[in-house]
1. Taking the range A:55-68, which residues are within 12 Å of chain B (Cβ to nearest Cβ) and buried (at least 17 other Cβ atoms within 10 Å of the Cβ)?
2. Out of all the residues in the range B:22-38, is one or more within 14 Å of chain A (Cβ to nearest Cβ), closer than 23 Å to A:C120 by Cα, more than 10 Å from DNA strand C (Cβ to nearest atom) and out of contact with any strand residue (DSSP E or B) (no Cβ under 6 Å at 6 or more places or on another chain)?
3. Restricting to the range B:207-245, and then to whatever is in a loop (DSSP other than H, G, I, E, B) and either among the β-branched types (V, I, T) or within 14 Å of chain A (Cβ to nearest Cβ) (or both), can you tell me which residue is surrounded by the most Cβ atoms within 10 Å (Cβ to Cβ)?
4. Given the conditions (1) out of contact with any Leu (no Cβ under 8 Å at 6 or more places or on another chain); (2) more than 24 Å from A:D175 (Cα to Cα); (3) not β-branched (V, I, T), and given that A:L279 satisfies all but one, which numbered condition is not satisfied?
5. Of the residues in the range B:171-213, how many are free of Cβ contacts under 8 Å to residues at least 40 places away in the same chain and in contact with a Cys (Cβ under 9 Å, 6 or more places away or on another chain)?
6. Just one of A:I100, A:I4, A:I62, A:I67 is within 42 Å of the chain's Cα centre (by Cα), aliphatic (A, V, I, L, M) and within 16 Å of DNA strand D (Cβ to nearest atom); which is it?
7. Output the number of the condition that A:H150 fails; it satisfies all remaining conditions of (1) farther than 22 Å from B:H76 by Cα; (2) part of a helix (DSSP H, G or I).
8. If B:F290 passes every condition in (1) under 22 Å from the mean Cα position of the chain (by Cα); (2) at pLDDT 95 or above; (3) under 22 Å from A:H261 (Cβ atoms) but one, which one does it miss?
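The values are calculated or read from the model by the stated rules, or taken from the named source; none is laboratory data. This one's a predicted model, so the numbers in the text were calculated from it and none came from an experiment. Glycine gets a Cβ as well: all are built from the backbone with ideal geometry, and neighbour counts include every protein chain shown.
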Protein chains: 2
Amino acid sequence: MVTIKDISKKSGFSTSTVSKALNGSSEIGEETSELIKKVANEMGYFPNAAARLLKTKQSNNIGVLFIDEMQSGLAHEYFSAVLNSVKDEAERLGYDMTFISRNIGRKPMSYYNHCKYRNCDGVVIACVDFNDPEVVELIQSEIPTVTIDHIFNDCTAIMSDNLKGASALVQHIYDMGHRKIAFIHGENTSVTQRRLSGFYSTCRKLGISVPNDYIKPARYHDPKSSGLATRELLNLKDPPSCIMYPDDFSFIGGMNEIEKHGLKIPDDISVAGYDGIYLSQVLRPQLCTFKQNTEALGKEAARNLIAAITDRKTFVPKQIWIEGELLAGKSVKKIDF
Amino acid sequence: MVTIKDISKKSGFSTSTVSKALNGSSEIGEETSELIKKVANEMGYFPNAAARLLKTKQSNNIGVLFIDEMQSGLAHEYFSAVLNSVKDEAERLGYDMTFISRNIGRKPMSYYNHCKYRNCDGVVIACVDFNDPEVVELIQSEIPTVTIDHIFNDCTAIMSDNLKGASALVQHIYDMGHRKIAFIHGENTSVTQRRLSGFYSTCRKLGISVPNDYIKPARYHDPKSSGLATRELLNLKDPPSCIMYPDDFSFIGGMNEIEKHGLKIPDDISVAGYDGIYLSQVLRPQLCTFKQNTEALGKEAARNLIAAITDRKTFVPKQIWIEGELLAGKSVKKIDF
DNA sequence: CCTCCGAACTAAAACGTTTTCGATACCTTA
DNA sequence: TAAGGTATCGAAAACGTTTTAGTTCGGAGG
């Protein structure tokens, strides 16, 4: 490994001069600076992150906390897309991304300690149990954090605007003439609450009454549970004319159930998903859904985290709402009511 | 930050003793060892990875090279599942995982240099352009690497056994009575070549003749292209009775096309996918597919990489074939021919 | 001519560990 | 009792970098 010392010897300048020259310090003469850079290049020099970090306390590395009890994890297209975007933007800004776990070197350690151990400059937290005391410890620590899709006190949070999303869906479905709209929702999380809230408020605004049995609990990313809920809805005395699903993927369960009942989408019943994943756009009929802007979510997460790191003193925590986009698709039929 | 020096002061032992005690060296007395550990705990000590690394040259960190020109990236369930498994096993063995990119600190650098800079102990390479000279440079460097689904000279490679997979599918389809089997395959990669080879050899073994126009090129993870290929197949004078797709997801394109032709799966035509992703198991009829063992793939990748790191001198590169599992599903109908 | 200043450079300390090589004291063994 | 062995501990160097606090020297200003 070629070090700064080697360059120092070869070029005749001291290590301090070499270091400064390579870092573009202004107190080094132009010619010597050029010379040193040339020598460094010739020798194939690259700095050692560990040594640099030891002095500067800047690792140029962000951690990501990304645990899912659901086992879906990286396989969940929404989160993997967000994560991918975080990674891309972080890279663009000169940061690497490391996964943070609970054990390292075979010894268990808390998330916070892990971050300290790896000297993460900051960490983005997503898809995680926000009640876990270890997560709370991390968020409340001195390490800059941003959370995704969850607001924790006054920490910086990047939020997909689920209220507007649910709202837009209801509005569109209403515009297509539907008045009997059912909503199968996911587990009780803040995301779900916002969607429900958007659903209810828009219904109220539009003067639609929502029977209690039009609201069914299910689980995200779980076609089986949404299939069951669908069955219950279809068996109602007065079934809905349109069903909204927790997400595009779990709609598949509904799709099967609807088919089993001998019904056709959208002629006999209309449906809508959520997320706007790739799948939703290749299904036929194309699924009506609300596309979350995963790219913007990830990008903003990375940007704000790095801003918080860089302007540590002046940065003020904020909540950023990322809006999505209604993809009308063909799964909601225009009807006269 | 509490350091070894602080513990040294508080406990009255030298830093060397503290270091040894904390690392469980046998040359430290039992009682002092206990005492030191207690003090360390009380003070909330955790080692600093950078400082440790600087001495030991062991980062306990592996890099992953994971670039996709296709934009699918982490969104591709197969790869994200493999990656997830790599991560889990690496964590279990005490390693962290960092993404390797081409630029760091806003300055471009080669993959190899990036790994050096971050002191990665090793790197797993997946879903990447293996013709990229920078990738070649990395593989041929002194840094231990394992590749996934690609054999590069005599480097360690973890391979999903695509030959057996394609073979098993053909065998099953044959057993169900089909003799007219079409294969829509993905881009020309080594994976595709193996599947084709498994397809052809099994057909030959079973005495099935395969017309040239039963073999259609398409792209992985791209329902549009496989939809087109499906249309061509259905319009043939003598269409196949069963179509094999590049992967489960791209089958969706075929599904739409088949429906558009007014055909029913599996009564009018049989189909099979590849991968065994979650989607394939929730579709109705359940898709006949070959499930790749993503968990084993990731686990073996992590294990072998770490073995190569640990037993640097004695480890001999090898190729490991991971077998999958046929999921018969319901999309291939039993017919009399 | 003296003083002062700034530009260009350097010596040395520091970051937090690990590790090598002793040092000390105690215990065996002949 | 003397020599040797062993168990336990410590001093100091080292890893590769950045940074602080100079040092030198030439020239400007009075």
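1. The answer is A:S59, A:N60, A:N61, A:I62, A:G63, A:V64, A:F66, A:I67, A:D68.
2. no
3. Once the filter is applied, the top-ranked residue is B:Y245.
4. Against the list (1) out of contact with any Leu (no Cβ under 8 Å at 6 or more places or on another chain); (2) more than 24 Å from A:D175 (Cα to Cα); (3) not β-branched (V, I, T), A:L279 comes up short only on (1).
5. The total comes to 3.
6. Going through A:I100, A:I4, A:I62, A:I67 in turn, just one is within 42 Å of the chain's Cα centre (by Cα), aliphatic (A, V, I, L, M) and within 16 Å of DNA strand D (Cβ to nearest atom): A:I4.
7. Condition (2) is where A:H150 drops out.
8. Only one criterion in (1) under 22 Å from the mean Cα position of the chain (by Cα); (2) at pLDDT 95 or above; (3) under 22 Å from A:H261 (Cβ atoms) is unmet by B:F290, namely (3).
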